[in-house]
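Coordinate-derived values only; no laboratory data. Keep in mind that what you see is a predicted model, and the values were worked out from it rather than measured. Heads up, the Cβs are rebuilt from the backbone with ideal geometry, glycines too, and the neighbour counts pull from every protein chain shown.
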Amino acid sequence: MIDTHAHLHFPDFDADRAAVISRAFAFGITGIVEISVAPGAWAEVLRLAQADPRIFAALGVHPHEAAAATPGALRRMERRLADPGVVAVGETGLDRVRGFSSHEDQRRALIAQIGIARESGLPLVIHCREAFDELIPLLAREGGAAIRGVFHCFSGGVAEAQAVTARGFLVGLGGAVTYAPERWRPVLAALPREAILLETDAPFLRPAPDRRGRNEPALLLRTAEAIAPDLGMTCSELVALADANARRFFGLSAPGAAVESAADGDVAAERSASGSAAPDSPERS
Ligand SMILES: [Zn+2]
Ligand SMILES: [Zn+2]
């Protein structure tokens, strides 16, 4: 089971990060995509990814941090995208709910990162809060036909689900879908199976029943169990489907290959030797 969106480098995990990571793998997690939100976090996110072949990195600037997406920072980000374990650009996007940065800054940072994703061939991890009407046309205009992306922690309704997936984008389903099953049932029914990814967004959005408190990857199964019936699947069918979608979307290696390499003690070499990580994929060149 792959957690396609976590922030394990956040201070929320400073006291017990190693325990949280080993608990994740003990509870059936086979991969984690560790998502950065600001340039100051890139080194730590890369360090986490390079320390374990089951952890992958996304480099980007979150809309809340949009002012930090300076030309110098974006150039630095482009260079680091070739580092081992980097599988995506993000998270980036637009957030009209919380005004942590100006809309102008958010838009400028987003457009730059769409361009970087297009150039690199990496998929985008998209944060969208009440901004679908602006984001979808912007992705088409700036990204062209080849741009790939996931609307993480998908927050739209049926119309947005249809609009997003009709353009080939994926949706990340997380703890929020466990809070109000009636609200989500029609949305889940509108999703094509190949568009579904699972995520925690840890430390945020701990799944029901105890939604208060810190979330962590080990709890991802709760979300899968909660929504599988509404998708017409068993939990294990949903996990297999979402994992296959995640491996295809992020270009991750098949289960087993990367995990075995951990025993060799040379994670980076094994990862690049397998040819499965994005930095070595032909579409990046
Ligand atoms: Zn987000
Ligand atoms: Zn996030």
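By per-residue mean of other Cβ atoms within 10 Å, what is the highest-first order of 235-242, 167-174, 180-187? Display every interim value, and only then the final one.
Working: 235-242: 18.0, 167-174: 22.4, 180-187: 13.5.
Ranked by mean Cβ neighbours within 10 Å, highest first: 167-174, 235-242, 180-187.
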Query raised in the report: What is the Cα centroid distance between region 172-246 and region 8-79, reported in whole angstrom?
Result: 21
Query raised in the report: Length gain on complete extension for the stretch His103 to Phe27, per 0.36 nm per residue less the alpha carbon to alpha carbon distance?
Result: 23.4 nm
Query raised in the report: Taking a ≥ b ≥ c as the square roots of the eigenvalues of the Cα gyration tensor of the chain, is the shape rounded (a/c under 1.5), prolate (a/b larger than b/c) or oblate?
Result: rounded
Query raised in the report: Among Pro137, Ala57, Ile2, whose Cα sits farthest toward the positive end of the charge dipole of the chain (+1 at Cβ of Lys/Arg, -1 at Cβ of Asp/Glu, about the Cα centre)?
Result: Pro137
Query raised in the report: Fully extended, how many nm does the chain gain between Val158 and Ala146 (0.36 nm per residue separation, minus their Cα-Cα distance)?
Result: 1.9 nm
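Can you give the charge dipole size of the chain about its Cα centre, rounded to the nearest 20 debye, using +1 on the beta carbon of Lys and Arg and -1 on the beta carbon of Asp and Glu? Don't skip to the end; give the middle numbers.
Values: 29 positive and 36 negative charges, 85 e Å.
Here the chain has a charge dipole of around 400 debye.
Given an 8 Å cut-off on Cα distances and at least 6 residues of separation, report the relative contact order of region 2-273 as a percent. Walk me through the intermediate numbers first.
Working: 517 pairs, mean separation 52.6, N = 272.
Here the relative contact order equals 19 percent.
Which order results if Asp95, Asp16 are arranged by neighbouring Cβ count within 10 Å, fewest first?
Values: Asp95 19, Asp16 13.
Exposure proxy ranking, most exposed first: Asp16, Asp95.
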**Report entry** Efficiency of FRET from Cβ geometry, Glu44 and Thr70, R₀ 22 Å, rounded to 0.05
**Finding:** 0.70
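Do the sum for the chain: with -39,500 (n - 2.57) for every DSSP H run of n ≥ 4, divided by all residues, what is the mean residue ellipticity at 222 nm, to the nearest 500 deg cm²/dmol?
-12000 deg cm²/dmol
For the peptides 123-133, 100-110, what is the packing order when you average, over each peptide's residues, the other Cβ atoms within 10 Å and list the highest mean first?
Details: 123-133: 22.2, 100-110: 18.2.
Taking the mean over residues of other Cβ atoms within 10 Å, the ranking is 123-133, 100-110.
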